[in-house]
Amino acid sequence: MLEVRDLRVRVKGIEILRGISLSVKSGEIHALMGPNGSGKTTLAYTIMGREEYEVMSGDIFFEGKSILGLSTDERARLGIFLALQEPPQIPGVRVSPFLVTVLNKKIGQTDLSKPLPPPLMKEVYEYLGKVGLNKEHLSREVNLGFSGGEKKRSELLQALLLKPKLVILDEPDSGLDADGVKSVAEIIESFRKKGKGILLITHYARLLKHVKPDIVTVLHKGEVVARGGSELAERIENEGYKFLNGGNKNEH
């Protein structure tokens, strides 16, 4: 589904990613780990096509076709969704009309303010409860005054409703308590069961106690330094990132 080949990226003239390669298949959870500043979020933004992230070399393929020449909106319409590490606040825009506009656009409705069909509105309420939000959140401005956990839940609500093919989750467990982490894990597992590809970005292995990744890739200073199965996440849980000292690559 997603293939990143030897990707080198710079931001504001500084090289951040130095030859990253990885892939995500349908129905697969690929966990991307590494300490702060290792390039995880840069990779997510580059996949999504953020303009200031300059691809120096390499390529990104989605369903067998290069997407480097596509805008962020075009990539989203192909079925790529990014849940941001720090979801932005949108003052003056309430959650309910925001969702109505986005979903109407997805189903090809030209009048983006038109009420949603009853089955789709039913889904909104169903998923609202599933992510741990309530109807009161629909009347609030997007992410304004939301706690960190509420922002994460709002992003997951959008992912559930938009039904993308590839879901990129950047630190979805940050700001959540233990029950919130379990809830997020259940949603991630539901994505996997529906055949979606998941690129799960996280610093810590606490979420991976509830979600067993198929592949774990560890970044350090913009390079892949380790790759393995879920046992690699367990090693990080026990040792931290001490084994990265020296920057030796350990592909296995």
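Where a number appears in this text, it was derived from the coordinates with a stated rule and is not lab data. Just so it is clear, the model here is predicted, and its values are computed rather than measured. Neighbour counts run over all protein chains shown; Cβ positions are idealised from the backbone, glycine included.
When all alpha carbon pairs of the stretch 101-158 are counted in 5 Å bins from zero, the resulting P(r) reads 4, 18, 26, 24, 18, 9, 2 %.
Computed from the C-beta positions of F61 and E126 and an R0 of 35 Å, the FRET efficiency is 0.55 to the nearest 0.05.
Placing a label point 7 Å from the Cα of S21 along the Cα-to-Cβ direction, none of the residues of the stretch 187-207 has a backbone N under 11 Å of that point. Using only the Cα atoms of the stretch 117-199, build the gyration tensor, take square roots of its eigenvalues as a ≥ b ≥ c, and label the shape rounded, prolate or oblate: rounded if a/c is under 1.5, else prolate if a/b is larger than b/c, else oblate. Oblate shape, in that a/c is at least 1.5 and b/c is the bigger or equal ratio.
Helix 178-193 and the long axis of the chain differ in direction by around 90°, with both axes built from C-alpha atoms. For the residue pairs K40/K193; K122/K194; K12/K106; K25/K114, alpha carbon separations beyond 29 Å are given by K12/K106; K25/K114. For K65, the aspartates and glutamates whose Cα comes closer than 15 Å to its Cα, not counting residues fewer than 8 places off in the same chain, are E3, E74. Highest mean packing comes first when the peptides 174-184, 143-153 are listed by Cβ atoms within 10 Å, giving 143-153, 174-184. Quick one: helix 118-130 against the long Cα principal axis of the chain, what's the angle to the nearest 10°, folded into 0 to 90? It is inclined by approximately 50 degrees.
Excluding same-chain residues fewer than 8 positions from K209, which aspartates and glutamates have a Cα within less than 16 Å of its Cα? K209 reaches E171, D173, D177, D179, E186, E189, E231, E234, E237, E239. Of interest is the spacing of the C-alpha centroids, which for the stretch 98-151 and the stretch 1-67 amounts to 29 Å. Each Lys and Arg contributes +1 and each Asp and Glu -1, all at the Cβ; summed about the Cα centre of the chain, the dipole is approximately 400 debye.
The packing ranking, built from the mean of other Cβ atoms within 10 Å per residue, places the peptides 99-110, 61-72 in the order 99-110, 61-72, highest first. Between E74 and E223, the C-beta separation translates, for a Förster distance of 30 Å, into a calculated FRET efficiency of about 0.55. Straight-line cross-link partners of K151 among the lysines, defined as a Cα under 18 Å from its Cα and at least 8 positions apart when in the same chain: K130, K135, K182.
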